[in-house]
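Presented below is the structure to which this report refers.
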Amino acid sequence: FGERFITFIWKDVFSTRTFRRSILTISATIASGVLGLLFYMVVARNLGPSAFGIFAVSVAVLNLIADIGDVGTDTGLIRFVGKYANRSDLAIKFLKLAWEVKMLVWLVVLLIGWIIAEPLSIHLFNKPELTEPLRWAFWGVGGVMLLSFASHGMQALQRYKIWSLLLVGSNTSRILITFVIIFLLGLNLQNAVLVYITVPFIFFAISLVFLPNFIKAKDEFGVSKEFFQFNRWVFMISIIAAATARMDTFLAIRLVSIEQIGIYSVAAQLTSFIPQFFFAIATVAAPKLAAFKDKKQVLSYLWKLQFFCLGLALIGLLGIPIAYFIIPNFYGVSYIESFRPFIVLYLAQLIFLIALPSHQAIFYFFAKPAIFVWVALGQFLLVSSTALFLIPQFGIMGAALSVLVGNLFNFIIPLAWVILKFKK
């Protein structure tokens, strides 16, 4: 049994192309995650909890709007550009259509966002000091959406080296520019936000050198029916999932002080590299699952993928004692309260990582994104109700516990659906 187990691990897991590509994407994710954490550490340490809380809220709003404004185009890119990768005439039509959708959405977001930033800050968040940072955040939505378009295009074309360079290069640039600003001017809230929103625009421009020349594509609206028919479910999921992912923070903004938001944001940021692992592995797994035709073949692949994710999650538990050292020594003693909510959020994110195989199977093999509309809606209601109940009693710990409950739900329901589907 021992020999067969070792043979299985070596030949059927470690020797596969998926494993080798996953090592590349995970390595890039680790490097990018470390650089991203370093950026947030430097910003948090220089700004202090109150100003960092405003920065964190601006970034949360930016990423929420970017996720919703995607309207499912990133998932559609992987599905259809990956599917038609051998037919460049079709692939570039999907690329151009996705790019046009993102540009249109960004212009609408920028116009509306600039107008509503002030009432949003005063009436919804009850924090008037958020007005100017939120306006900059609406500008930044465009950069994040365009860079996401480029990285998902590279993923669909399975150009993982370029994908890795975009990921690592953007975060490297952020931290280098931040150090230069600290040395020359000193870091404040405004230039911290400006650094965050400018870099994605630069790297999108760089990515155009490596993407196919999709601008020359003609009749891209000829594929719009196929594209949007798939994306309409993904769009609904994106809205609900994006709101759910930040519901803990948005409810906390209303119910606790901006300083506590800064402390909670450090805990959340320290766990952010785990979803990056999720997407790094999904970068390789998604196009492969989209190409499978046989259920027996995909079941064997999913077993290997599940084993791989579970192993990463178990190794990931070592991050808890490391964080106990990092928080006071790198962020500063003013953030020591972050450790307790960090533990809860960290366990929640490890559960999210383990859920990867069932999630990717539903999206890309079964092509049933409608399932996740109901899963995402259930998770949203669960997180919202739990957070509203727990935050007034436990503060930021209540916010963290609501995330844990939601991620458990998001793991169990899709897994049960996939198991039942294969049993049939």
Choice from Lys225, Lys127, Lys304 with maximal GNM fluctuation in the chain (Cα, 10 Å cutoff):
Lys225
Whole-number percent relative contact order across the range 155-293, with pairs defined as alpha carbons under 8 Å at least 6 apart
34 percent
Considering Cα pairs under 8 angstrom that are at least six residues apart, work out the relative contact order of the range 301-394 and quote it in whole percent.
30 percent
The range 271-422: C-alpha gyration tensor shape, a/c 1.5 cut-off, then a/b vs b/c
oblate
Per the 1/(1 + (r/R0)^6) rule, R0 = 51 Å and r from the Cβ atoms of Phe389 and Leu24, FRET efficiency to 0.05 is 0.75
With +1 on the Cβ of every Lys and Arg and -1 on the Cβ of every Asp and Glu, and nothing else charged, how large is the dipole of the range 162-277 about its Cα centre, in debye rounded to the nearest 20?
140 debye
Alpha carbon Rg of the chain, scaled by the compact-globule rule 2.2 N^0.38 Å
0.96
Quote the charge dipole size of the chain about the Cα centre in Debye, to the nearest 20; the model charges only the Cβ of Lys and Arg (+1) and of Asp and Glu (-1).
1640 debye
For the chain, build the charge dipole from Cβ charges (+1 Lys, Arg; -1 Asp, Glu) around the Cα centre, then report which of Leu377, Val344, Val81 sits farthest towards its positive end.
Val81
Taking just the alpha-carbon atoms of the range 167-276, what radius of gyration and Dmax come out, in angstrom?
19.3, 52
Based on the Kirkwood radius over alpha-carbon pairs, what is the Stokes-Einstein translational diffusion coefficient of the range 114-201 at 10 °C with 1.306 mPa s viscosity, in µm²/s?
108 µm²/s
Hey, what do the phi angles of the range 260-273 turn into as Karplus ³J(HN,Hα) couplings, whole Hz, using 6.51/-1.76/1.60 and θ = phi - 60°, x for Gly and Pro?
5, 4, x, 5, 5, 5, 5, 4, 5, 5, 5, 9, 5, 6
With every atom except the alpha carbons ignored, what do you get for Rg and Dmax of the range 59-164, in angstroms?
16.3, 52
Mean shadow area of the range 358-424, taken as a quarter of the surface of its Cα convex hull (nm²):
4.5 nm²
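Read-outs throughout are calculated quantities, based only on the coordinates presented, and are distinct from any laboratory measurement. Predicted, not measured: the structure shown is a model, and the values here were computed from it. Virtual Cβ from ideal backbone geometry, glycine too; neighbours counted across all protein chains shown.
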